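The values are calculated or read from the model by the stated rules, or taken from the named source; none is laboratory data. All values reported here derive from a predicted model rather than from experimental measurement. Ideal geometry is used to build each Cβ from the backbone, glycine not excepted, and the neighbour counts take in all protein chains shown.
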Amino acid sequence: MSYTNVTRLPAQRVPLVDEKMPGLVSRDWYRFFQKLFELTGAGSDATTVADLQIGPINDASSALPEINAELQALQLNPEVTPHSNPLRYGSFVCATDQTAALANTAYTIPFATVRFSLGVYQPVANTKITVDRPGLYLFDLTVHMGRTAGSGNVFLWIAVNGTNVTNSASQSDINSSHANASVTRCFMLTLNANDYVEVKWSTTNTGLFLDAVAAVSPVPAIPAAILNVSRIGDL
């Protein structure tokens, strides 16, 4: 399909602003905008600027079917894929003590405080860290542990969609010599949209717990657990 340059579109080298009269549009560009105004009928006919982006209209009634066919073809086979923001992240905090009613029993750490969230969220009970987009995700976990009595081990691991992840567990020994300890773990997981991740823990001694410490000047509070999640790649 061929058209004449009825809009009088200036060449790229023509400046928009008149160099001799700063603040005013140059003559060529004024003629272009005036022609657009005339072609669109000052809003009095069906021809729009969007139509003119496809091509100038000499006979709108005869050209419209061909234009509609081209638009439909572009919708079915777009030449440019719309941009989709791949960035996903979340930062979650457990700011209260977590105790074990029974030894050697799995518990899920609740993250009641959401610091940041974009596409990584908790739809249920502050425990299921859910992603809305497939990809490779990095989980950065820090847990602070303490004791009230005795000694023993604290175990940490993760589960995806309710199933424990193989080789994801760690063990920390808490005793009178090491009454407090912080552990940092990093996990890389491939997840699909709507997959969820839970952080699990257990202890061999109910006198051991996940310890949230209040702020004491000049030190800010220490959370029982903090979890940062980032999407770092596609599947």
Scan the stretch 144-198 for residues that are in contact with a Lys or Arg (Cβ under 8 Å, 6 or more places away or on another chain), buried (at least 17 other Cβ atoms within 10 Å of the Cβ) and of a type outside the set (Ser, Thr, Tyr) and jot them down. Leu156, Trp157, Ile158, Ala159, Ile174, Val197, Glu198
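Can you list the strands (runs of 3 or more DSSP E) lying wholly within the stretch 158-211 that have 2 or more residues being modelled with pLDDT under 95?
On the way: elements: 170-174, 181-191, 196-203, 208-210.
Ranges flagged: 170-174, 181-191.
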So Val114 ticks every box in (1) of a type in the set (Val, Ile, Thr); (2) outside any loop (DSSP other than H, G, I, E, B); (3) touching a residue at least 40 places away in the same chain (Cβ under 8 Å) but one. Which box is left unticked? (3)
Does Val124 fit the bill of being assigned by TED's automatic domain parsing to the domain that holds Gly152 and part of a loop (DSSP other than H, G, I, E, B)? yes
Could you list, in sequence order, the residues of the stretch 213-235 that are crowded, with 20+ Cβ neighbours inside 10 Å, touching a Ser or Thr at 6+ places or on another chain (Cβ under 7 Å) and not in a strand (DSSP E or B)? Ala224
